[in-house]
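Nothing in this text is a laboratory measurement; each read-out follows from the coordinates by a stated rule. Remember, it's a predicted structure, so these values are computed and weren't measured experimentally. Here the Cβ is made from the backbone with ideal geometry for all residues, glycine too, and neighbour counts use every protein chain on show.
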C-alpha cells in the first residue's frame, strides 16, 4: 500500500512539474525581490510576504507604504499565471503592459490593461458591466464567471502573443481579443480610457498587482515567454 501511495504521489508531482514546464517564478515566496512599488525603487511595507504568499495589507500601507507593485522587468509576448484571493468587499487587479514613467503617467493603469480581481457581490464595481472578476477591465466582459467564493483561491492566466490576448480564470477562457487593431481601438474609444493618451498602446511593459486600498493575496506567480 505504501508503494502505491508513493507512486501516486510521484506521478502527481511529475504532472505538476510538466504543467509548469517553461515557467519561471516571478515571486520567490520569501521576499519581494524582482518587484517594487510603482515609481519607487523598492516595495512598500504594505506588501507583506507570509508563508509563500504575497499579502497586501491596507493598514501597513498607510503613510505612503502602498502603491501598485510592479515587476522590475518588462515583458512582450508572455504567459502569466498566478493565484489570487480577496477579502470581503475587496478590489484589486492584474495590470500588464505598464509603461513605468511616473513623470508622464501617474498610475500603472494610465497605460496598462487590467484583468479585474474583485469580490463581485461585495464591491460596488461588481454592479458595473466589464468591471467584474475576469473582465478585461472596462473593455470586454468575460464570457462566463467561473470565479470562486470570497476567501477561496482563484487561478488567473494572461496569455499575450503577437497581439492575441487570452484571459483564463480557473481553467476557463473568459476573454479573447486582438490587441492594437482597429477593433481594439474602437473598444478603447468606447471606454473610460477614451481620452487617456498612452492607454493600451504599449506592446511591451511591466506587470503590476494593484493596490486598490483593499486586502488581497497573491501566490504562485510565474511567467513564460511566448
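List of remarks:
- Residues of the stretch 168-226 classified as exposed (fewer than 15 other Cβ atoms within 10 Å of the Cβ) and touching a helix residue (DSSP H, G or I) at 6+ places or on another chain (Cβ under 7 Å), total: 3
- Residue count for the stretch 22-51, restricted to those that are farther than 15 Å from residue 68 by Cα, in a strand (DSSP E or B) and either touching a residue at least 24 places away in the same chain (Cβ under 8 Å) or touching a helix residue (DSSP H, G or I) at 6+ places or on another chain (Cβ under 7 Å) (or both): 2
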